[in-house]
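Throughout, read-outs are computed from the coordinates displayed, never taken from laboratory work. Nothing here was measured: the structure is a model prediction, and the numbers come from that model. Counting neighbours? That spans all protein chains shown, and the Cβs are built from the backbone with ideal geometry, glycine included.
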Amino acid sequence: MIDTQNPDRYLAFSRDEWAELRAATPLTIRERELEMLRGINDKIDLDEVAAVYLPLTRLINLYVSATQNLHKVSATFLGTMAPKVPYVIGIAGSVAVGKSTFARILQSLLTRWPDHPRVDLITTDGFLFPNAVLDDRGIMNRKGFPESYDTKALLKFLRDLKSGTAEVTAPVYSHVVYDIVDGENISVCQPDILILEGLNVLQVGSESNEFVSDYFDFSIYIDADEEHIEQWYIERFQTLRETVFRDPNSFFQNYAHLSDEEAVATARAIWREINGKNLVENIEPTKSRASLLVHKGADHRVTDVQLRRL
């Protein structure tokens with residue numbers, strides 16, 4: 001779907017046109033591996049990987065090489081050693097649009113390129129304020145909105161990462177207990193590439209003049225019509241009702257025994273009051289800031305791609 005607000009800022013490709021840009025990039029992932037990377041209700045096959053992800057990994061590989069050379073040239077000019085600075089990719093989009101699966105598959109494919117074998121993946125969920133803080137501020141029902149994130153901590157994480165710090169840490173979030181896991185962290189030790197996935201990573205609102213996206217070398221927005229995303233959210237909610245929600249530790253275990261009709265009604269209400277509102281007010285308005293727009297159709301398959309002009 002063409003960005004009608006900024007049609008001249010992007011090069012538009014149909015699915016087939018984009019797939020041709022794969023060139024000779026080999027398909028290095030197999031069905032068994034893909035099955036492990038799929039998210040709940042995500043419908044993706046090896047044809048989708050070949051048509052959409054392989055051209056993207058080829059493009060990113062070229063960009064990473066060019067950026068590494070730029071760092072070397074800059075260091076030569078300054079007469080210093082070039083520090084190892086990770087190439088940072090941001091992935092944004094709505095709840096239930098398939099960001100997590102997209103990020104995992106991209107990570108898996110990029111690690112197979114010889115020039116950047118170490119690719120780490122971090123989600124911004126770990127930078128949500130703990131539930132106790134959200135409760136205290138009266139914004140528990142706005143979890144996922146920009147104000148629910150510890151943006152200062154996320155910015156510090158990225159600042160340290162881009163400064164060449166040997167090890168940086170990110171908090172751990174549990175989707176089962178729906179909260180930050182106290183005392184647990186993920187260590188990131190100078191990867192070649194870092195993928196940062198989250199709802200509002202392209203957001204520009206900040207108390208300072210520093211934005212999360214300032215630290216991105218490349219950014220991707222996963223797009224789809226809202227009516228389709230809402231339906232995917234409802235389908236995912238129904239699946240979770242039969243699986244994760246039945247975990248005794250689940251924050252949402254009270255939803256596990258809903259009838260089919262009650263589950264659909266509950267999911268629609270949550271979408272209308274929280275996730276849909278966040279999409280319209282905060283997430284979708286940022287998509288024109290992305291380097292790449294990936295649009296999905298009703299069947300989850302990518303229909304077209306837009307690459308921002310340099």
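For the pair E242 and L21, the difference between a 0.36 nm per residue extended length and the Cα-Cα distance amounts to 75.5 nm. Dividing the convex hull volume of the alpha-carbon atoms in the stretch 10-308 by its residue count gives 144 Å³ per residue. In order along the stretch 231-236, the phi-based Karplus estimate (6.51 cos²θ - 1.76 cosθ + 1.60, θ = phi - 60°) of 3J(HN,Hα) comes to 5, 5, 5, 5, 5, 5 Hz; Gly and Pro are listed as x.
Let me check against my output: what whole-number percent is the relative contact order of the chain, with C-alpha pairs under 8 Å and at least 6 apart? Could you put the intermediate results ahead of the total?
Working: 489 pairs, mean separation 80.7, N = 310.
Result for the chain is 26 percent.
With a cut-off of 12 Å between beta carbons, the residues surrounding L46 carry a summed charge of -3, where Lys and Arg count +1 and Asp and Glu -1.
The lysine pair tally for the chain, using Cα distances under 17 Å and a gap of 8 or more places or different chains, is 12. Calculate the length of the line joining the C-alpha centroid of the stretch 126-146 to that of the stretch 209-248, in whole Å. First find each Cα centre; the distance between them is then 17 Å.
How large is the helix-only mean residue ellipticity at 222 nm for the chain, computed as the sum of -39500 (n - 2.57) over DSSP H runs with n ≥ 4, divided by its residue count, in deg cm²/dmol to the nearest 500?
Details: 8 runs with 97 residues, N = 310.
After summing the helix terms and dividing by the residues of the chain, the value is -9500 deg cm²/dmol.
Share of pairwise Cα-Cα distances greater than 20 Å in the stretch 215-269 is 38 percent (whole percent).
With Cα atoms defining each centre, the stretch 148-168 and the stretch 47-83 are spaced 21 Å apart in the structure. Computed from the C-beta positions of L62 and S288, the FRET efficiency with R₀ = 25 Å rounds to 0.60.
Peptides 50-60, 190-200 ranked from most to least packed, by the mean per-residue count of other Cβ atoms within 10 Å: 190-200, 50-60. Say R0 is 30 Å: what FRET efficiency, to the nearest 0.05, do N141 and V181 get from their beta-carbon distance? Computed FRET efficiency for N141 and V181 comes out at 0.85. Restricting attention to the chain, close to 45% of DSSP beta bridges with both partner residues there are antiparallel. When you count the other C-beta atoms within 10 angstrom of each residue and take the mean per peptide, 174-182, 25-33, 81-89 line up highest first as 81-89, 174-182, 25-33.
Between T303 and H295, K296, G297, the built amide H atoms are under 5 Å apart, and every one of these is 5 or more places off in sequence or on another chain. Each label point was placed 7 Å from the Cα along the Cα-to-Cβ direction; for T111 and A298 their separation is 3.7 nm. For the chain, find the longest principal axis of its Cα atoms and tell me its angle to the long axis of helix 260-270, 0 to 90°, nearest 10. Helix 260-270 sits at roughly 60 degrees to that axis.
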